[in-house]
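Input: a single structure, listed below in structure tokens.
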Amino acid sequence: MIKKRETSKQNLDIDTFINGSSSEEKHLEIKDPKAPRKYKNHTLPMNEYEYDLLKSLAEKYGQTHSGIIRYALKALNEK
């Protein structure tokens, strides 16, 4: 048997609702740069030139391919 949904009776002030979406309080949480890497994965299509460049940089600096990409992201963020 299907149960009919009961609507909740909320007394919301319309102005409070509208202004709440653009309130000045921003909830910025500080993110840990050394947190486990389980948040997102990203597949990056590359052509042969780009892959060879990534491979040579990884060998030159003794890093993994992902490590080189992470280093480049951090370096570009600092600029």
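What follows is calculated from the coordinates using simple rules that are stated; it is not laboratory data. Only a predicted model underlies this, so the values are computations on that prediction, with no experimental measurement involved. Reconstructed Cβ throughout: ideal geometry from the backbone, glycine too, with neighbour counts over all protein chains shown.
Among the aspartates and glutamates, select those whose C-alpha is under 19 Å from the C-alpha of K60, and discard any that sit fewer than 8 residues away in the same chain. Within reach: E48, E50, D52.
By how many nm would the segment from K38 to E78 lengthen if fully extended, with 0.36 nm per residue of separation less the alpha-carbon distance?
Working: separation 40, 0.36 × 40 = 14.40 nm, distance 2.38 nm.
Length gained between K38 and E78: 12.0 nm.
Is the shape of the range 38-79 rounded, prolate or oblate, going by the alpha carbon gyration tensor and its root eigenvalues a ≥ b ≥ c, with a/c under 1.5 for rounded and a/b larger than b/c for prolate? Oblate is the answer for the range 38-79, as a/c is 1.5 or above yet b/c matches or exceeds a/b. Of K3/K40; K40/K79; K3/K38, which sit over 29 Å apart, Cα to Cα? Among K3/K40; K40/K79; K3/K38, the Cα-Cα distance tops 29 Å for K3/K40; K3/K38. Under the simplified labelling scheme, the Y49-Y61 pair shows an inter-label distance of 2.1 nm, with each label point 7 Å from Cα along Cα→Cβ.
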